[in-house]
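The values are calculated or read from the model by the stated rules, or taken from the named source; none is laboratory data. None of the values given here were measured: they were computed from a predicted structure. FYI the Cβ positions are ideal-geometry reconstructions off the backbone, even for glycines, and counts take in every protein chain you see. Ligands, DNA and RNA are stripped out before the accessible areas are found, and what is left, the full protein with its side chains, is counted by its heavy atoms. Shrake-Rupley method; radii C 1.70, N 1.55, O 1.52, S 1.80 Å.
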Amino acid sequence: DWSSDVCSSDLDDDISVPDRFEKEVKYLDDNPNIGVVGGSVIIIDSQNIPKSTSAHMISCPEYLWLDIVFQCPMANSSVMFRKSLTDSFGLKYYDGMFGMEDYRFWIEFSAVANIYNFNETFLKWRDRTNGETARVKIGFAEERKKKFAEIQKMGLDCRGVKLEKDEYELFFNAYCEHKDSFSFDLHSLFLI
């Protein structure tokens, strides 16, 4: 029996919804072709007040297999996965990813197993402006940008996509992590 009450220690961390684990276990039990399952998140502040609505998650494993090359489609704290796959394929988190350890992990995971997202909220994610990810995004912006491109290249390689150097550069400029200010040659991108 899961309680939805918030205790004082919850104010320091994320909050899982009460029936999340039950739903994830059942889905994995019923779908042996799926290796990892997750859900959507709502961002909350330090007082548990929602700062966002639940994001629409891509559920279709075939779409997720492609989408992961452009962004990390898994809300890391909302997932459950088969340990047998991490053991069999040596999947793990790597240091030095500038806050994107999970993105690299899901790229590698998606190369060996199908992934799935429930399109419902599984987690209340605490927004911490002074957290590690925020610190890395600000303090190591250039390094993070390069690492994001490396992870994307790994995703393309895992899917059998081989591009020339100039095509990779065009791809990374068009699909960088923060897409608010970029310019690229649409015709060249179309040809890729």
- Compare the peptides 23-32, 40-49 by average per-residue count of other Cβ atoms within 10 angstrom and give them in order, highest first. 40-49, 23-32
- Hey, can you find the accessible area per residue of segment 1-122 for me, probe 1.4 Å, expressed in square angstrom? 54
- Note on the structure: Here Rg/Rh (Cα, Kirkwood) for segment 1-125 equals 0.97
- Task: For each pair in Lys23/Lys137; Lys83/Lys145; Lys83/Lys146; Lys26/Lys83; Lys124/Lys153, compute the distance between the two Cα atoms and list the pairs where it is over 23 Å.
- Result: Lys23/Lys137; Lys83/Lys145; Lys83/Lys146; Lys124/Lys153
